[in-house]
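J.: My structure is below; once you've seen it, I'll send some questions.
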Amino acid sequence: MNGFPSSVLFCCDHNAVRSPMAEALMKKLYGQRAYVQSAGVRNDMEVDGFSVAVCRELGIELSRHRSRSFEEMAEWGDDLSQYDLIIALSPASQKQALDLTRFYHLDVEFWPILDPTAIGETRDAKLAAYRQARDQIRDRLLARFGPPIPESTPESAPDHVTDKA
């Protein structure tokens, strides 16, 4: 698929680390230019706290993300055929996406993004691994979809929100 899709689904193993980061980063960079969601092969985990922390560094709120699986998508009536593009971030999710979409006319791309969950012994080492995964996703998004829309660039986002009482 060339050009900018109208709908994208990111997927990984648990919808707790890589695919929620990808969904949130794409929304941050490209706004509402495309309908963007994420899913996992399973949803047996909540969004990972390290993912929340490294996304917060870029002004992205991820803590309200609720994990969901491909199975739950089907139960809730979210049909995979509505997507123009599925981007799998893990081998298991690529296999699942290809199996579920073999009769649909849509593209499935595989982006081999580092799984940071088993890397690092200390908090700082873990954060570094999660930043690396986040930055890999951001770099792939920019390479695949082009420059971000101006109002969504990280440079234009506020570093913090000030509460005025």
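The values are calculated or read from the model by the stated rules, or taken from the named source; none is laboratory data. Only a predicted model underlies this, so the values are computations on that prediction, with no experimental measurement involved. We place every Cβ from the backbone using ideal geometry, glycine too, and count neighbours over all the protein chains shown. For accessibility, only protein heavy atoms count, side chains too; no ligands or nucleic acids. Shrake-Rupley method; radii C 1.70, N 1.55, O 1.52, S 1.80 Å.
J.: Treat every Asp and Glu Cβ in region 1-80 as -1 and every Lys and Arg Cβ as +1, leave all other atoms uncharged, and give the resulting dipole magnitude about the Cα centre to the nearest 20 debye.
T.: In total the dipole reaches around 400 debye.
J.: Compute the length gained on full extension between K95 and R56: take 0.36 nm times their separation in residues and subtract their Cα-Cα distance, giving the result in nm to one decimal.
T.: Taking K95 through R56 to full extension adds about 11.0 nm, to one decimal.
J.: Just need the relative contact order of the chain here, percent rounded to a whole number, with Cα pairs under 8 Å and 6+ apart.
T.: It rounds to 27 percent for the chain.
J.: Looking at the square roots a ≥ b ≥ c of the eigenvalues of the Cα gyration tensor of region 21-78, which shape do they give, rounded for a/c under 1.5, prolate if a/b is larger than b/c, or oblate?
T.: oblate
J.: Treat each spin label as a single point 7 Å out from the Cα along the C-beta direction, and report the F103 to E71 distance in nm.
T.: Each label point is offset 7 Å from its Cα along the Cβ direction, giving 2.0 nm.
J.: When the chain is fully extended, how far beyond the present Cα-Cα distance does E121 get from E46, taking 0.36 nm per residue of separation?
T.: So the extension gain works out to 24.9 nm.
J.: When the helices in the chain are scored as -39500 (n - 2.57) per DSSP H run of 4 or longer and the sum is shared across all residues, what 222 nm value do you end up with, to the nearest 500 deg cm²/dmol?
T.: -11500 deg cm²/dmol
J.: A further question on this structure: Only four residue types carry charge here, +1 at the Cβ of Lys and Arg and -1 at the Cβ of Asp and Glu. Report the dipole size of region 62-109 about the Cα centre in Debye, rounded to the nearest 20.
T.: 220 debye
J.: Now a separate question. Sort L29, L58, L100 from largest to smallest accessible area, using a 1.4 Å probe on the heavy atoms of the protein chains.
T.: Final ranking, largest accessible area leading: L100, L58, L29.
J.: Please state the Cα pair-distance histogram of region 1-149 with 10 angstrom bins from zero: what percent is in each bin?
T.: Taking every Cα pair in region 1-149, the percentages come to 12, 45, 35, 8, 0.
J.: In region 1-135, with Lys and Arg counted as +1 and Asp and Glu as -1 at Cβ, which of these residues, P20, I87, A129, has the Cα nearest the positive end of the dipole, that is, farthest along it?
T.: Going by the Cα projections, it comes out as A129.
J.: Another one. Quick check for me: using +1 on Lys/Arg Cβ and -1 on Asp/Glu Cβ, what's the dipole size of the chain about its Cα centre, in debye to the nearest 20?
T.: 260 debye
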